[in-house]
Every structure is written in C-alpha cells, then in structure tokens.
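Below is one structure; the comments refer to it alone.
The values are calculated or read from the model by the stated rules, or taken from the named source; none is laboratory data. Since we're looking at a predicted model, the values are computed, not measured. Cβ: placed from backbone, ideal geometry, glycine included. Neighbour counts: every protein chain shown. These accessible areas exclude ligands, DNA and RNA; they are computed on the full protein's heavy atoms, side chains included. Shrake-Rupley method; radii C 1.70, N 1.55, O 1.52, S 1.80 Å.
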Amino acid sequence: MRVALLLLSLLFPIAVSCSQNPVSSGAPTAESEAQFDERMEWFREARFGLFIHWGLYAVPAGQWGNGSNYAEWIQHSAQIPVPTYEKFLEQFNPVKFNADDWVLAAKAAGMKYIVITSKHHDGFALYDSAVSDYDVKATPFQRDIMKELADACARHGLRMCWYHSIMDWHHPDYLPRRGWEKAERAEGDADMDRYVEYLRAQVTELLQNYGPIGIMWFDGEWEGTWNHEYGQELYDLCRKLQPGVIVNNRVDKGRGGMAGMTSGPQFAGDYGTPEQEIPATGLAGVDWETCMTMNRHWGYNSKDLDYKSTTDLIRKLCDISSKGGNFLLNIGPTAEGTFPDLSLERLSGMGEWMDVHGDAIYGTSASPFPMLDWGRCTVKADGDQTRMYLHVFDWPLEGRIVLPGIGNKVVSAKLMSAPEHGIAAVKMDTDIAIRMLPKRAPNEHVNVIELIVEGEPIIYLPPSIHAVSNQLVDQLKVELKVPSAGLEIRYTLNGKNPTMDSPLYTRPLTLYNSADIIARCFHDGEAVTSIARRSFKKVTPSPSAAVIDPRPGLRLRIFKGDWDKVPDFDAMKPAQTAIAQSIGLPLGATNEYEGRIFDGYLTAPTTGLYRFSLTSDDGSRMWLDGRMLIDLDGLHGSETKEATAALSAGPHVVRVEYFNKTGGAVLNLQMSEVTQPWQEANGFYH
C-alpha cells in the first residue's frame, strides 16, 4: 500500500495524494511519486465502479441439497467434489448475455469502471484461456465473454478491469486442498510453484489480449501457501506487461482482514480494499476502495431478495467519497446472463441521482471535517476557490444546517437538486449557517448543497481529549490536544461551556472522581472551534470470587455442528472435553463446523482497570463475572473487539464461547491493565 505524505498547514490538516514507491530499486515497475499519482489519476476521478461476480456458480443459483444460502463459494461451502462441480460446465449457457447492455447499465448508473471475475476461486475462467480447458470454451456458450465486455467498455468509455483469483480449488497443483476433500483428492505430487506459473500465464493472457486494463483486482491471497515473494513477482509482472495498470493490495500478504488496508510499506499493491465495510473515519492520504454487495451474496442467489435500498446505496457512495475512497458495488448476474431486476432498479435510481449530483462525487477529495451530524462533505479545488459539497442526510426541520469551525469567506451557495430555490450562507463567528432551506427535502435520497468559498479550506478543528478509558478506579490521566498550531485550549469540569475566563490547559489533568471535561480552542481571545466533550466515570471494581481447590487450566468443551450464530452450547452434548491452558485454537487448525466453550477463572494481579481484546473468525463472546463483556457473534472474517472492566485483585469467573463455520479459523484473547502493553491472557484455572 502506498502510504501517502500528510501535509499540515497552520490551521487545516489536509491529506494530499502523494505516495511512497513500494517497489524495490531497480525493479521494472519503479516509479516516482508524480508517476504514481498520474497512474492513479483516473481511479481518484472515477469514485464509482461496478463489481461483477459471475461464473459456474450462477447455475445452481445458491441452492444445493437442502441448503439455499450459497453463492460463489458453493463448491467449498456445500463440499461439492470437483467432478460433480465440473458438470455445471454443461449447463452454463448464458444466451441472454449482452455486453453492451451490461456496460450501458453501469454507465447510466454513473459508474466509470467495471471489475469482473475473469476467474473466481472455483478456477473456471470466463474467457478463452490457452493454458486451461476449464474455461468458457468448454461450455455450450463458446463465446469469449471477457473479449465482448472489453470491447463494449471501449465503445462506451468505461475502464475494463479484471478480478482474478489467486486461490484455485480446481487446479491440481494449487495447495492447500480443502480439508473435506483430501481423502478423495490427495495432494500427491501437487506443486505450488508450478501452479504459480499457470497463474502468471493466465494473468499474462488477460493483460496482453484485451487492450488497456484499468485494474488487476486479485483475491484469495490469505492461505499460507501464497507468500510475499509470489505477490511481489506477480505485481511486477502486471506492471511490466501494462505499466499503467493499477494493482490492488490483495496481490500480496499485507492486507489486514476485511478492513482491507495494508499493514506495512514492504508489501506490494497500489490501494487498499475494505470489504463490506466503510472505514469509520476515512483513511487520509491513502488510496482505497470499499467493495460491497447489493444484497447478501456476491454471486447470484435466486432466493436472496434482501437488497439494500437505493437511498442506502447512495448514502454509502457519499460517505465513501467524503472519506477519500471509491465505491465498488457488486452485482451477481443470473445463469442466463442478465442482471437481476432488483439490481437494475438500484442502478437506475443511483443513475438518476448521479445525473444531478455527479459533480459532488467525481474527482472530489475527502472532507476536511472529522464528523458532521447532518451528513457528509466532499471538496474540489477550483482555481483560487474551493467547492464544498454538503451531502445532507438528515433534512433540518428548522430550515438550516451549520458548518462548524470554518474560517473562509463565502462566495455562493446553491441546492443542486433545486438551484432555483434561493438559500443563504451566512458567516457566524466560527461557523457558516446555510439558511432558508425548503421545508421538505427536494430529493428523497440525499440533497447536496454546493458551497463555494475563497481559497483553500481553513478549518478550526476542536480539541481532542485522550485517555486510556472512560472509567477510573483510583485516578486517571487525561490529555487535551490542540489540532492546529497557534491555538490554545480552555476547559471546564463543571458542565459549563469554556470561556476565556476558564482554566488554560498547560499539562495533563489527573481525575480522581467522575467528571465531564468540556474543552474548546481559542485564538486571540476568541473562541474559534466547536466544543469537545468527554465523560469519565469512577467505578467500583467487581469483587473477586472464592475458589475451592483450584486446578490449572480451563474446562474446554468441543462441539460439532453448523451454526450462523453462537448456539446454546449448554443444551448440547459435547463431542470432546479437555483442559486448555489458554483461550485459542491448536496451531494450524481449521476447525470447520466446530464450537468451543472455555470455562474457569482468570486472575487480576492487582485491583484496577483492565482491558480485554477478543479476536475470532467466526463468532465469539466473552463473559466476565456473569456479564457479557465482548460480543463478536455471527459469521465474519477475523475481527477484534475490545472492552474494559474494573476488577478487584484475585480470581474472576471467565467464559468464552466460540464457533467456526467454514474458511479461516481464529480465536485469541488478550488482556492487560489499561496502562500496560497487551499480552496473551494466561494464568487460568478451574
């Protein structure tokens, strides 16, 4: 991931899209920051693209046996043997497919590029591959779908991009095998290096035979057989074949879970790939793209009608753009080669909104405001002025919204969906008030106000309040930080708003009791920011438990079953019982369709405030002294949640519940006193 430089002005921290080149010196893809910015320019301008997951898995349409919740992972999730899955070749005949229809639907929605699965994890290629017989030429359809789409994109002005899976459940040399198929399909003389040569050959075809390609979008890199060396070499190959191509960070091993961002500059990849989520506060100075489904599945599932509303999708586009990212919105076409009707309805609705508000999305930069309670903001430089696009989600009943802490002079303001309706932008001390808005929102989804101000944005951000917790047992240190040079902080502890007569912050505060800290920045004797507030509560530590005849370790019960949420394990008979010395999984274990319960005690060495961090894939929950402390329940990738608890010195009852369905398996519990570094939880007994 290219981690951008962050330039700080006197009053306004603004992220600039520069880069550090991750490719080693002397590599054929080495480039300057200016060259990288030039290569990424169209991507940053586009902001909105179409993701398409299509392949043999469209034939069963999500149904197999008694199950109806499958999609593109059906071969793995339903444990379909390769010879059985190959029979879908005979049924894949999408006679209604029309490349122009697909491209024009994306274009009408306001999308600027298309990313389609040239090959997904099942190994089937949607194009005519010279190095494989497991492709579209082995189906009754015969036509090279990727060629037709690439040509249609060229005709209609969209960028053609390829998704290509690193993982391959079909190829005899790909490792590792699925756990459930090893007996029937032993690894034998499989050779991962030989598979990588096959993968590189297919990537070469995709970058040599279909004209200019915007993005190589890799996926399936998380298994242990794929390594950094493979990833760097594949990145270099892409850039050698098409120097202008953009390559996502899943080509290498740096991606951190579903959050999608790269963990260090040593890993290859041009941008981050959050999946099914939007970063809470954006990722300043870093290129990224959220990929997301319209309903619950990536591939086609005929029974999945749980579609996000048009309003929700438009607001997600605004939110992502306001944080400097791109939105890659997915459709799973049918086996006949058509987009589902509900998908087309969403595309049409988004297109109508983009026809009016596209300028508020395309080529915009992230908001200079950390948070706006009524919506989002995008900005665009325009000579010696700045266009600020105010995306209003919650329409104000009182007919005005406030833009806090802005120091610029207003040039003009207009409502993009109703420019004939006169509105006024009035400077009020540290804020700008947009007044005389219509009583009813002109647009049912999102209304955008185009506010033009002089110069670059000057934003006075409120102070930030830092502490290790919102709770304290004996005492707690709290720091206040000024966001911009030249400002001072004044604060109160009595619930009143700070004035110039309030205490001046000069050093960290020490709290001994519950308190509300209210702080504000001042400049030349005048308040210039909004107010920051944080509440702190003094708590009584949970009493320790009396334990008779303690024994090392935790009681462990292991269950077998297929769950989507943590079940009532206590009502089930365990398949196995044991004593565990830690809360986790055996090294290298996959543990599919398995649940675990850990019961016992943990020890708090001293009385104080402790923090806990639970990580799992899939669901888990942590109970401490009879109350649920962390809830990570449900199907998901590796996720982490934290919580704090005030504990008296001594033993405390702990219980961790965990289950895994399929795919990755992770379970880890860490704890520490709030002022100490994390360490793996240990010292258990029962």
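Per-structure values
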{"item": "For the range 417-491: span of alpha carbons on each principal axis (Å, largest first)", "result": "60, 31, 18"}
{"item": "Cα gyration tensor, the range 335-411 - rounded (a/c under 1.5), prolate or oblate", "result": "prolate"}
{"item": "Nearest-10 value in Å² for the accessible area of S672, using the 1.4 Å probe", "result": "10"}
{"item": "Globularity index of the range 255-379, i.e. its alpha-carbon radius of gyration over 2.2 N^0.38 Å", "result": "1.14"}
{"item": "Contact order relative to length of the range 434-529, as percent, for alpha carbon pairs under 8 angstrom and 6 or more apart", "result": "26"}
{"item": "Relative packing of peptides 569-581, 95-107 - highest average C-beta neighbours within 10 Å first", "result": "95-107, 569-581"}
{"item": "Accessible solvent surface per residue of the range 410-474, calculated while the other protein chains remain in place, 1.4 angstrom probe, Å²", "result": "48"}
{"item": "Distant alpha-carbon pairs in the range 322-376 (separation over 19 angstrom), percent", "result": "49"}
{"item": "Antiparallel bridge percentage (DSSP; both residues within the chain; nearest 5)", "result": "75"}
{"item": "Accessible surface ranking that places the most exposed of H297, H652 first, with a 1.4 angstrom probe", "result": "H297, H652"}
{"item": "Per-residue ³J(HN,Hα) for the range 671-686, Karplus 6.51 cos²θ - 1.76 cosθ + 1.60, θ = phi - 60°, Hz, x for Gly and Pro", "result": "8, 5, 5, 4, 9, 10, x, 4, 8, 5, 4, 8, x, 7, 8, 9"}
{"item": "Per residue value of the accessible surface for the range 563-686 (all protein chains in place, 1.4 Å probe), Å²", "result": "43"}
{"item": "Ellipsoid equivalent to the range 534-686 - semi-axes via the Cα gyration tensor, in Å", "result": "26, 18, 13"}
{"item": "Cα-based Kirkwood hydrodynamic radius, the chain, one decimal, Å", "result": "28.0"}
{"item": "Stokes-Einstein diffusion coefficient of the range 523-624, Kirkwood radius over Cα pairs, 10 °C, 1.306 mPa s, in µm²/s", "result": "89"}
{"item": "Whether the range 462-584 is rounded, prolate or oblate, judged on the alpha carbon gyration tensor where a/c under 1.5 counts as rounded", "result": "prolate"}
{"item": "Beta bridges by DSSP in the range 41-174, antiparallel share as percent, to the nearest 5", "result": "15"}
{"item": "Between the range 205-281 and the range 366-431, the Cα center-to-center distance that results, in Å", "result": "37"}
{"item": "Accessible area per residue, Å², the range 70-195 with all protein chains present, probe 1.4 Å", "result": "38"}
{"item": "Low-density loop positions, GluC sites (Glu not before Pro), the range 144-192 - DSSP coil, at most 15 other Cβ in 10 Å", "result": "E184, E187"}
{"item": "Restricting the range 383-474 to trypsin sites (Lys or Arg not before Pro) in coil, as DSSP defines it, with at most 16 other Cβ within 10 Å", "result": "R400, K409, K439, R440"}
{"item": "Rounded, prolate or oblate (a/c below 1.5 giving rounded, otherwise prolate when a/b exceeds b/c) for the range 248-300 by Cα gyration tensor", "result": "oblate"}
{"item": "Percent RCO, i.e. relative contact order, over the range 574-686, from Cα pairs under 8 Å lying at least 6 residues apart", "result": "38"}
{"item": "Point-charge dipole on Cβ atoms (K/R +1, D/E -1) for the chain, about Cα centre, debye to 20", "result": "1840"}
{"item": "Neighbour-limited loop hits for GluC sites (Glu not before Pro), the range 352-424 (at most 14 other Cβ within 10 Å; DSSP other than H, G, I, E, B)", "result": "E398, E420"}
{"item": "Entries of K308/K439; K107/K427; K253/K477; K316/K439 with Cα pairs more than 29 Å apart", "result": "K107/K427; K253/K477"}
{"item": "Taking the range 137-229 and dividing mean pair separation by its residue count, relative contact order in percent (alpha carbons under 8 Å, at least six apart)", "result": "39"}
{"item": "Accessible surface of the chain [probe 1.4 Å, protein heavy atoms]: carbon and sulfur percent", "result": "49"}
{"item": "Radius of gyration and Dmax over the Cα atoms of the range 477-523, both given in Å", "result": "10.6, 32"}
